[in-house]
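The values are calculated or read from the model by the stated rules, or taken from the named source; none is laboratory data. None of these values were measured; they are calculated from a predicted model. Positions of Cβ are backbone-derived with ideal geometry, glycine not excepted, and every protein chain shown enters the neighbour counts. Only protein heavy atoms, including side chains, enter the accessible area calculation; ligands, DNA and RNA are left aside. Shrake-Rupley method; radii C 1.70, N 1.55, O 1.52, S 1.80 Å.
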Amino acid sequence: MQNKQSTPSSYPNIRMRRNRKSGWVRNLVEENTLTSNDLILPLFVIDGVNKKEPIASMPDVYRYSIDLLLKEIEIAANLNINAIALFPVIDPDLKTDDGKEAYNPHNLTCKAIVEIKKNFPDMGVICDVALDPYTSHGHDGLLGEDGNILNDETIEILIKQSLVQANAGADIIAPSDMMDGRVGVLRWSLDNYSFQDVNILSYAAKYASAYYGPFRDAVNSGSMLKGDKKTYQMNPANSLEAIREVELDIAEGADMVMIKPGLPYLDIIRNVRDRFEIPVFAYNVSGEYAMLKAAANNGWLDYDAAMMETLLSFKRAGSDAILTYSAIDAAKIINGK
Ligand code: PBG
């Protein structure tokens, strides 16, 4: 050891690279970490037995019949994934203008919930409360004669839908139609029927996004959709409005709030995280998954690396949990499998 100079060098004054010089020090100063506790796996369920249908716009994601869905959930459970979000693919013959299949206590969603909770009582089950899987027009609510999506008239059906799902064993219900006055009424009716322990995860700030395309392919609602969802889902240009949406849902009794899509809305996640003391979930939606898979399948991106970097960005933005179609892939990497 010897002095290189008699006076301190002024260049560079501070060396940021010292904290990056080796893996051990990078690990010590790491600010955000992704664990399997952060992951929620969305799953598509179809009627039938021993069915596993590919989804063209979502490579490596499938629609499963309940028996095979259970096998997928077993994989998730063994990787310490805590919760799944269930999305039914409804037989077109059961779709009606009023979406009444949504509150049939023996519908596909309820049958799946019962089987999942029977086999995996410790797996959290999250269910959407919205009519789009069940309506012949593909909208999340009732369609008025003038083409308007009816806000207040839809709530009765959503109440019934949430009650059949809670009764089947859903742990969390997730009102996702982005219409007004959902959370408060659903909280009240769940409590009224002794489901006071069922959580409400509100899709509080959900944008009218092009990134839902592959999801609509997966549940076959895209081709049926008349028009767009811009009178209820948010304008991608708005940020303050998301704060108001979250504020209202918290006031109405939401236990957790969700921002959706994820990647194009990381700023919203950060704003909400900074403003409210409530768990914030992000939905890394189907289009985000499809982009990554398409690039990876062309050999243009390293899927594992880009996927883990993407999921970490949600932690950095302030998300508590992330709904992602990559949940199993990420959990395998996290668990070293
Ligand atoms: C329906 C719903 C949608 C998604 C989740 N719930 C689509 C939509 O609003 O049209 C999209 C999820 C995804 O793209 O991964 N209420």
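Side notes on the structure shown:
- Which listed residue, of Lys230, Lys226, Lys206, is touching a His at 6+ places or on another chain (Cβ under 6 Å) and either charged (D, E, K, R) or within 14 Å of the ligand (Cβ to nearest atom) (or both): Lys226
- Selection status of Glu145, free of Cβ contacts under 8 Å to residues at least 24 places away in the same chain, away from the ligand (no atom under 16 Å from the Cβ) and in a loop (DSSP other than H, G, I, E, B): yes
- For region 220-235, filtering for residues that are buried (at least 21 other Cβ atoms within 10 Å of the Cβ) and either under 15 Å from the mean Cα position of the chain (by Cα) or in a loop (DSSP other than H, G, I, E, B) (or both) leaves 3.
- Only strands (runs of 3 or more DSSP E) whose full extent lies in region 1-93 are considered here, and the ones with at least 2 residues that are closer than 23 Å to Lys315 by Cα and at pLDDT 95 or above are 39-46, 83-88.
- Restricting Ile172, Ile200 to those that are within 16 Å of the ligand (Cβ to nearest atom), surrounded by fewer than 21 Cβ atoms within 10 Å (Cβ to Cβ), closer than 28 Å to Ile81 by Cα and among the β-branched types (Val, Ile, Thr) reduces the list to Ile172.
- All of Pro264, Pro279 fail the test of being away from the ligand (no atom under 16 Å from the Cβ), in contact (Cβ under 8 Å) with a residue 12 or more places away in the chain and either open to solvent by 10 Å² or more (accessible area, probe 1.4 Å) or more than 20 Å from Asn151 (Cα to Cα) (or both), apart from Pro279.
- Some residue of region 284-296 being within 22 Å of Ala56 (Cβ to Cβ) and in a strand (DSSP E or B): yes
- Against the test of being within 22 Å of Val164 (Cα to Cα), open to solvent by less than 40 Å² (accessible area, probe 1.4 Å), within 16 Å of the ligand (Cβ to nearest atom) and touching a residue at least 40 places away in the same chain (Cβ under 8 Å), the options Ile113, Ile66, Ile84 yield a single qualifying residue, Ile84.
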